[in-house]
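One structure below.
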Amino acid sequence: MKLSDWRLEYTIVILVVFAVVLMFIPTSIKSTVQANFISKWKDNYSKLEYAQDAILKQGQVKILPGFNNCKTPEECEKFFIILIKPYIRINDTKFPKHYHAKYMNNSKIPNDSPYYVHDYFYTNNKVIVGIKDLPDERNGRTKFLMTFDVNGIIPPNRWGRDVFGVIVYPDKIEAIGADLPLDMQKDSCSLNSTGVACSNYYLIGGGFDD
């Protein structure tokens with residue numbers, strides 16, 4: 001084999017290897033970023049569990065049923081923030097209205113959706129927390145939606161990517177999707193779906209690449 005032919009084949013091999021590496025680098029980076037989002041979500045959920053345990057032990061949970069007497073959702077949310085603030089470190093100032101979360105499939109969240117949140121707050125560690133009063137007409141008690149954008153204002157700002165949520169009851173917290181069968185939780189975590197059930201799916205061991 002001539003030296004020039006050997007150099008040509010060697011160059012071709014290098015180019016092929018380089019092309020394959022380029023194909024996998026974006027996927028690897030995306031996987032690492034998503035894994036970091038999931039880790040942050042688990043950390044925030046652990047803080048919520050701690051807050052729940054502390055509130056129950058102190059007997060403050062009795063305050064929540066009293067929220068049913070609130071005259072407006074805003075009044076209920078205000079009391080709830082006072083209760084949860086020592087544990088989540090929510091700032092008093094509401095986050096500017098230009099922030100908007102979307103579903104995983106990049107579609108807008110309708111105003112009449114239970115996952116549409118109007119009021120957002122920053123925490124001390126720059127997580128964006130949304131709080132919404134959700135009256136439960138079935139049993140007459142108040143519950144709350146809490147959303148967490150673990151990446152703050154930085155995109156993607158999508159459910160199942162960097163946005164997750166829980167429902168807070170007077171006696172428990174429940175990650176969104178916990179009431180769904182496993183296959184439905186997994187389906188929700190697809191790029192063609194809303195991503196809301198990823199909140200629980202990731203907590204029970206599901207992965208973004210399943």
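No lab work stands behind these numbers, since they all come straight from the coordinates. Note that the structure is a prediction, hence the values are computed from the model and not measured. Cβ atoms come from the backbone with ideal geometry, glycine included; neighbour counts cover every protein chain shown.
Observations, loosely collected:
- For the listed residue pairs K47/K108; K85/K108; K47/K143; K71/K108, the alpha carbons are over 21 angstrom apart in K47/K108; K85/K108; K71/K108.
- Counting neighbouring Cβ atoms within 10 Å and putting the fewest first, the residues I82, I176 line up as I82, I176.
- Within the range 70-120, the proportion of Cα pairs with more than 13 Å between them is 68 percent.
- Viscosity 1.567 mPa s, temperature 4 °C, Stokes-Einstein D of the range 36-201 from Kirkwood C-alpha radius, µm²/s: 81 µm²/s
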